[in-house]
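Computed from the coordinates by the stated procedures, all read-outs in this text should not be read as laboratory data. Keep in mind the model is a prediction, meaning the values are calculated, not measured. Reconstructed Cβ throughout: ideal geometry from the backbone, glycine too, with neighbour counts over all protein chains shown.
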Amino acid sequence: MTLQPHALANDRPRRRTILLVEDEPFVREATRGILEHAGFNVLSAEDAPDAMKVYQESKREIALVMTDMGLPGRSGLQLGQDLHEHSQDVVVLVTSGCINPEYEKEAPESHTYFLAKPYSRRMLVDKIEKILGASSVERPATQAG
């Protein structure tokens, strides 16, 4: 009889962490549930200042920042720009129910993406998986912005 080695903890797929920025509590909790059910760790923030604080405390573990366009004080795009000033490698997914061609211009070279509301659970998870698969978020921690 041949014994098979047990998988080491490092052999298991890492759960990626998403920073979710949404000012509407119901939407934030519903989206959090979708993301956690899909296997992501989720950190939450309700506005841009809170998001910047959470990002600074946990940036090495955050694979993607998902933000609503309409935040109090600063828009999701402005938050993305603020985050890019701290780390050029941060990946940002902006969501919006507004139909505005300016919002829908994705910029993969700057790691900024867009998803129109309303979206289904599958659309959200597929979009995030596509973004994370296309970006280099699985880089060594020493290079993580």
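Amide H to amide H, with H built 1.01 Å from N, residue 44 comes under 5 Å of 20, counting only residues 5 or more places away or on other chains. Per the Debye formula with a single identical scatterer at each Cα and no solvent contribution, what log10 I(q)/I(0) holds for the stretch 16-130 at q = 0.12, 0.13, 0.23 Å⁻¹? Summing over Cα pairs of the stretch 16-130 leads to -0.35, -0.41, -1.54. Loop-resident GluC sites (Glu not before Pro) (DSSP state other than H, G, I, E or B) in the stretch 16-107 with no more than 11 further Cβ atoms inside 10 Å of their Cβ: 102. Taken over the stretch 16-130, lysine pairs spaced eight or more positions apart, or on distinct chains, with alpha carbons under 23 Å apart number 7.
When 42, 21, 92 are sorted by how many other C-beta atoms sit within 10 angstrom of their C-beta, beginning with the fewest, the order is 42, 92, 21. Between amide H atoms placed 1.01 Å from N, distances below 5 Å from residue 94 occur with 67, 113, 114, 115, all of them 5 or more places distant or on a separate chain.
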